[in-house]
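Data first, discussion second: the structure below is written as structure tokens.
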């Protein structure tokens, strides 16, 4: 683990020499030859791909590797040449499975149904994780403020968040519901700007782990630069970089009340006979948010006990269905968000392992008014000078209710819905706000 002083404030310059080179031979892939051969035969069996270029694109391997595998398959009488696409000498040759090849594929699918990009060796993955360690990117005041500019928050809160984000240590955000804790956690993720690389799949002792997840890993499809103009060089800009790796933003993985301890383990598909990476592995190099902490079916103490070793030592352990246990790097910023006071979550010994405990307060009257005006402006809705004093006097003060950051959006959305229902011009008046308030709180 590096200290914050060794971080850089600029994007990683992804030069070919810094990353894994495109393998030009089966041996250079680092993957067992028979596993790759089986993967190719399964691909041909399922999709009918017959040209070298198609197989290379589907398996994310070089044409040289595919050619080598096809030679192996021909020597085993698994494939045969079917001629060129249009009969010309310049066209690509087509390959098809023989009956023996189809039988091979069927047997291979009974052992593992994974078909897709070739996996990368787990050791290469761990080495890459170290190269793109989240501690190697320093978030400064400028880019943190920019990530939070859509939120109305006390300035001192940002001053507390900055060091916490840069530390790479765990963060506990707590406070009354509806005041932006989840939005803050997401904005923390957006404050990271570096491009990092993820594989489609991993190979651990011949077992395939499906890693890349379109829901959480957002690939970068074109050149990206900072405001200073410093370019981030992407994989697809160089033929020398391994296509099994995808350039992405640092991920933000969010889980809530549905989190169980089992979701932090490898998921083995008994029918497909391959694995799905757990949440914390998919979040590696990024931000892992545990929202609604304390509302899970398991006790918060149990969840924190599960995290003690990863949080303190930077390493976690996963287990294959064969019983093999192996270490994985735990390189991510973990953010817990809760409506429960920290003292009620767990004992003091466990609580001290959450390095930064930051309260997200209810908005001040000034901040509340700013939020309300921002919401109205977003909808092009005029607001008269008397509306906000009316709200505070007739609702919050009179009923002894604390304002919350989500109230303005809730009330305005309700007013708009009522106006659309009655087919009248959208307006913000006291009668409609009164009706909206009745839906905000159950009497």
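List of remarks:
- Potential lengthening between residue 167 and residue 149 on full extension [0.36 nm per residue; Cα-Cα distance subtracted]: 4.3 nm
- If a spin label sat at a point 7 angstrom from the Cα of residue 99 along the line to its beta carbon, no backbone N atom of region 17-52 would be nearer than 11 Å.
- Scaled radius of gyration (Cα, divided by 2.2 N^0.38 Å) that region 32-111 gives: 1.02
- For the pair residue 295 and residue 47 in one chain, pulling the backbone fully straight at 0.36 nm per residue adds 84.8 nm over the alpha carbon distance.
- Model label zone, residue 440; criterion: amide N under 19 Å from point 7 Å along Cα-to-beta-carbon; scope region 174-212: 176-181
- Pair residue 216, residue 160: separation of 7 Å Cα→Cβ label points (nm): 2.8 nm
- Distance (nanometres) between label positions extended 7 Å along Cα→Cβ at residue 394 and residue 258: 4.0 nm
- Note on residue 409 and residue 106: the extension gain reaches 103.5 nm, defined as 0.36 nm multiplied by sequence separation minus the Cα-Cα distance.
- Between residue 365 and residue 341, the FRET efficiency estimated from the beta carbon spacing at R0 = 25 angstrom works out to 0.55.
- Sorted by Cβ neighbour density within 10 Å, fewest at the top, the residues 141, 104: 141, 104
- For peptides 408-415, 301-308, sequence by mean Cβ density within 10 Å, most packed first: 408-415, 301-308
- Relative to the longest principal axis of the Cα atoms of the chain, the long axis of helix 99-111 lies at roughly 40 degrees.
- Ellipticity at 222 nm from helices only: DSSP H runs of n ≥ 4 in the chain, each -39500 (n - 2.57), divided by the residue count, give -10500 deg cm²/dmol.
- Against the main long axis of the alpha-carbon atoms of the chain, helix 33-47 sits at an angle near 80°.
- FRET efficiency, 1/(1 + (r/R0)^6) with R0 45 Å, evaluated for residue 63 and residue 348 via beta carbons: 0.15
- Separation in nanometres of the label points that stand 7 Å from Cα toward Cβ, at residue 267 and residue 312: 3.1 nm
- For the residues 357, 60, 370, a GNM of the chain with alpha-carbon springs under 10 Å puts the largest fluctuation on 370.
- Choice from 99, 170, 25 showing the highest fluctuation, given a GNM over the chain with Cα pairs closer than 10 Å: 99
- On Cα atoms only, tilt of 122-131 relative to the major axis of the chain in degrees: 50 degrees
Only the coordinates and a few stated rules stand behind these numbers; no lab work does. Being a predicted model, the structure only gives us computed values, none of them experimental. Here the Cβ is made from the backbone with ideal geometry for all residues, glycine too, and neighbour counts use every protein chain on show.
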